[in-house]
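Quick notes on the structure that follows.
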Amino acid sequence: MAFESEATPDLTTNIAGVLLDNPVMTASGTFGYGREYSQLVDLNRLGAIVVKGLSLAPAKGNPPPRIAETPCGMLNAIGLENVGFDVFVEKKLPYLKTLSTPTWVNIYGKTIEEYSTLARRVDGVEGIAGIELNISCPNVKVGGVAFGVDEEMAFEVVRAVRQQTGRPLMVKLSPNVTDITRIAQSAVDAGADALSLINTITGMAIDIHRRRSKIANITGGLSGPAIKPVALRMVWQVAQMSSVPVVGIGGIATAEDALEFLIAGAAAVQIGTANFVDPGCAVRVVDGIRKYMIDHGIGRLTELIGTLET
Amino acid sequence: MIQERVQVRYNTIECSGYYRMGLTCHSDYRRAKPGQFVMLRVVDGMNPLLRRPFSIHRLIRSSAGAVEGLEILYKVVGTGTERLADCRRGDGLNLLGPLGRPFSLPERPAQVFIAAGGIGVAPMYFLTETLQKKGFDISSCVVFIGGRSKDDLLCMNDFFAIGVKTVNITTDDGTAGEQDVVTGPIERAVKEGRPDVIYACGPLPMLRATARMARRYDIPCQISIETMMGCGIGACLGCAVSAAGGGDKYLHACVDGPVFNAADIDL
């Protein structure tokens, strides 16, 4: 029996009361509403799917060009283009409900009232495992990141949402701050059940011949392997002080990357930009984590989380 | 839609700065349609990070007709295509496709104009070949090829070889054909005899001029556009295209295109 348990290690992890079969989620904004990848990926093998950030009303997003490639990464300023919550529930959610993989919705608003209304609406819908609260998008002019860079505003918006919903609540943090642990503490104090980090790092790229930014929004969010060391450092910092599970995001493209985050203290990870490059990435990361556990005689994922030697 | 590891069958210089690459591919590409594209990873590593989109130039078939590969045409314009130009026969690459909305073909025999600017000729050979396979009279099809200079003119002989009788050549600098933009001879030909449809692919100013002219003469016009693209499958929403008349949402080149009715988008 010991042999058997070694051969099939337990990859389950509990995020805010949602038990995931494995710790590999897909990051919001990089996986559409799931179905986009259905021909390429066995979606039931994912730990969870986090859908594109949703607002109350459909949002058009920013004018093009919206993306630019940078060394080992990309900048984006999509501007949270999305179908809106109602269309999501009517047109996108029914497919997601056919999967065994839990769906998390990522939501954002321009005001605390919009956030609250959305949270209340989510509370009334079946088939949504949890809420990821986006207080960290750098590419919308109001709301979004404005809440994510100020401790008091972060506290206010998380508390307001908490009052509206009993659903598991994960707050997605911005790295564009002086001390991410202070925002993390505010979110936990206000009732967050989990924290996910990092969102993109604000950056720029310039076309020197035209002397224009390579993206219409001028600044954009940097993602991809280029940001992994920064993300890992922040996840480690937050995991040390946080009383709730931390989900690591930022440049993860291989099982080794994911394992670094788990060892640093993340209870799960999200794959983002790598989905664009290699749709099969998330499933390969799951397999790679399992193989690592077998090779190292680790029976349960929880034995690995936060085991960084210092 | 298939993600697969494929091999380079050949990678030859077409003319200065332009290459023709043959790749192995899944036999399901027999269902690929002209105007569709593939996303190719140019390295296995992370730099450059994103896949590059390429129109399918043609399918490679065995003597029995089975699809054994596909061909892309590309111009070296930056880091990604420089890496691609270094590829040798037998090298492995990661291919995702076929993707996007194809050209829609006429339902009845029709007078077809095909306009290509520079590397925009890439999807047009597949289109012409498909029209021929579907029984259209290719000899009546008129092809317009334009480029900056004579070194930017591709595939002329390929069109003649499959039975096109008229290939109009223009260059910006007059080094080959007529010194004009490609829309010059198209408009003159339109005045002589209105085609049923114009298919166009090329740089934005050329597409803009072609679309405007088609609208003036009330000719259906389908254009294949090139944009920055992240994923190719409608997930990143990076390839936004403005819809005609503004509207409350953007279209996306990867799933709503890359072929659009010219009247549907704001170029």
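Structure values in brief
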item: Estimated dipole of the protein assembly as shown in Debye, rounded to 20 [Cβ of Lys and Arg +1, of Asp and Glu -1, Cα centre]; result: 1320
item: Peptide-level mean, for B:39-51, of C-beta atoms on other protein chains within 10 Å; result: 5
item: Within-13-Å neighbourhood charge of residue B:25 [Cβ basis; K, R +1; D, E -1]; result: +2
item: Sites residue B:30 and residue A:97, calculated FRET efficiency, Cβ-Cβ separation with R0 51 Å, nearest 0.05; result: 0.90
item: Violating pairs (Cα-Cα greater than 31 angstrom) within the set A:214/B:133; A:110/A:214; A:97/B:249; result: A:214/B:133
item: Separation of alpha-carbon centers, the range B:139-162 and the range B:61-118, rounded to whole Å; result: 16
item: Furthest towards positive pole of dipole, A:88, A:298, A:23, structure part chain A, Cβ charges; result: A:88
item: Dipole magnitude of the range B:112-223, debye to nearest 20 (Cβ charges: Lys/Arg +1, Asp/Glu -1, about Cα centre); result: 360
item: Summed residue charge, Cβ within 15 Å of residue A:51's Cβ, Lys/Arg positive, Asp/Glu negative; result: +3
item: Length released on extending from residue B:4 to residue B:149, taking residue separation times 0.36 nm less the Cα-Cα span; result: 48.5 nm
item: Calculated over chain A: convex hull of Cα atoms, volume per residue (Å³); result: 130
item: Kirkwood Rh in Å, taken over all unlike Cα pairs in the range B:112-223; result: 13.7
item: Computed FRET value (nearest 0.05) for residue A:233 with residue A:256, which takes r as the C-beta separation and R₀ as 30 Å; result: 0.95
item: Dipole axis of the range B:112-223 (+1 Lys, Arg; -1 Asp, Glu on Cβ), positive-most option in B:141, B:206, B:223; result: B:223
item: Peptides B:47-55, A:57-65 ordered by average Cβ neighbours within 10 Å, highest first; result: B:47-55, A:57-65
item: Check: the range B:2-99 dipole with +1 on Lys, Arg Cβ and -1 on Asp, Glu Cβ, in debye; result: 200
item: Counted charge near residue A:159, where neighbours are those whose Cβ lies closer than 11 Å (Asp, Glu -1; Lys, Arg +1); result: -2
item: Over chain B: helical MRE at 222 nm, DSSP H runs n ≥ 4 each giving -39500 (n - 2.57), nearest 500; result: -5000 deg cm²/dmol
item: Max mean-square fluctuation residue, GNM over chain A, Cα-Cα springs under 10 Å, options A:99, A:75, A:40; result: A:40
item: Per-residue average of Cβ from other chains inside 10 Å of A:57-66; result: 5
item: Spin-label pair residue B:217/residue B:179, simplified geometry with 7 Å Cα→Cβ offset, distance in nm; result: 2.5
item: Descending Cα extents along the principal axes, chain B, whole Å; result: 52, 47, 38
item: Relative contact order %, chain B, counting alpha carbon pairs below 8 Å whose residues are six or more apart; result: 17
item: Translational D in µm²/s for the range B:2-99 (Stokes-Einstein at 37 °C, 0.692 mPa s, Kirkwood Rh from C-alpha pairs); result: 245
item: Debye log10 I(q)/I(0) at q = 0.14, 0.30 Å⁻¹ for the range A:228-278, Cα point scatterers; result: -0.30, -1.14
item: Peptide B:238-245, shielding by other chains (average Cβ, 10 Å cutoff); result: 4
item: Positive-pole candidate from A:285, A:118, A:197, dipole of chain A, charges at beta carbon; result: A:118
item: By average C-beta atoms within 10 angstrom, highest first, the peptides B:187-200, A:102-115; result: A:102-115, B:187-200
item: Estimated [θ] at 222 nm from DSSP helical runs (n ≥ 4, -39500 (n - 2.57)) normalised by residues in chain A, nearest 500; result: -8500 deg cm²/dmol
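Just so you know, all these numbers are worked out from the coordinates, no wet-lab data involved. In this text the structure is predicted, and so the values were computed from the model without any measurement. Please note: Cβ atoms are built from the backbone with ideal geometry, for glycine as well, and neighbour counts cover all protein chains shown.
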